[in-house]
Amino acid sequence: MLKPLLTVLGTSLIANTLYAAHYEVQMVNRNKLGAMSYEPSYLNIQPGDTVKFLRTAPGHNAATISSMWPEAAQTFRGNINEEIVMSFDKEGIYGVECTPHMAMGMVMVIQVGDKDLNAISAPQSLPQRAQKRIADIKQFYAQ
Ligand SMILES: [Cu+2]
């Protein structure tokens, strides 16, 4: 009874690893959305996929926005200039911030699961320019 269950679990873990997609996000000083940006600033990915944050321009990092993060999902905080790789295993909406440029609006959204820009909302606790960036992201990526 137990053995077939373990086999099924093992197979699905292997399948998740085999089919996981790997994305790259550049940390830049400017893109179409404005100064201090992630490029792209929105990703729609599936559980198990990974995202690598590239040091395209110096002085940035990638870290969890704690008020915009699925409950019990693993959080992370890259150091400045660190090219971290994050794995997203739970469906939901993840806000990522650049710690030194959060007040300038340097945030991005990673949606794990189905694409639904209407499900994204910026917490009122975020700096105004970060809230505006999230509104701009929804508009820009709706096309
Ligand atoms: Cu930055």
Note down the net charge around ASP116, summing +1 for each Lys or Arg and -1 for each Asp or Glu among other residues with Cβ under 13 Å from its Cβ. 0
Report the label-to-label distance for LYS115 and ILE80 in nanometres (one decimal), using points 7 Å from each Cα along the Cα→Cβ vector. 3.6 nm
Loop-located trypsin sites (Lys or Arg not before Pro) in segment 43-143, at most 13 other Cβ atoms within 10 Å (DSSP): LYS115
Degrees separating the helix 128-140 axis from the principal Cα axis of the chain, which is the longest one: 60 degrees
Students often forget the sequence filter, so: which lysines lie under 23 Å Cα-Cα from LYS115 once same-chain residues fewer than 8 apart are removed? LYS32, LYS52, LYS90, LYS132, LYS138
Can you tell me the relative contact order of the chain? Whole percent, Cα pairs under 8 Å, sequence separation 6 or more. 23 percent
Bounding extents of segment 21-140 in its principal axis frame from Cα atoms, largest first in Å, are 29, 28, 23
Measuring from label point to label point, each 7 Å out along Cα→Cβ, what is the GLU91 to GLN124 span in nm? 2.9 nm
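Readers should treat all values here as calculations from the given coordinates under stated rules, not as data from a laboratory. Treat the numbers as computed from the prediction; the structure is a model and nothing was measured. No Cβ is skipped: glycine too gets one built from the backbone with ideal geometry, and neighbour counts run over all protein chains shown.
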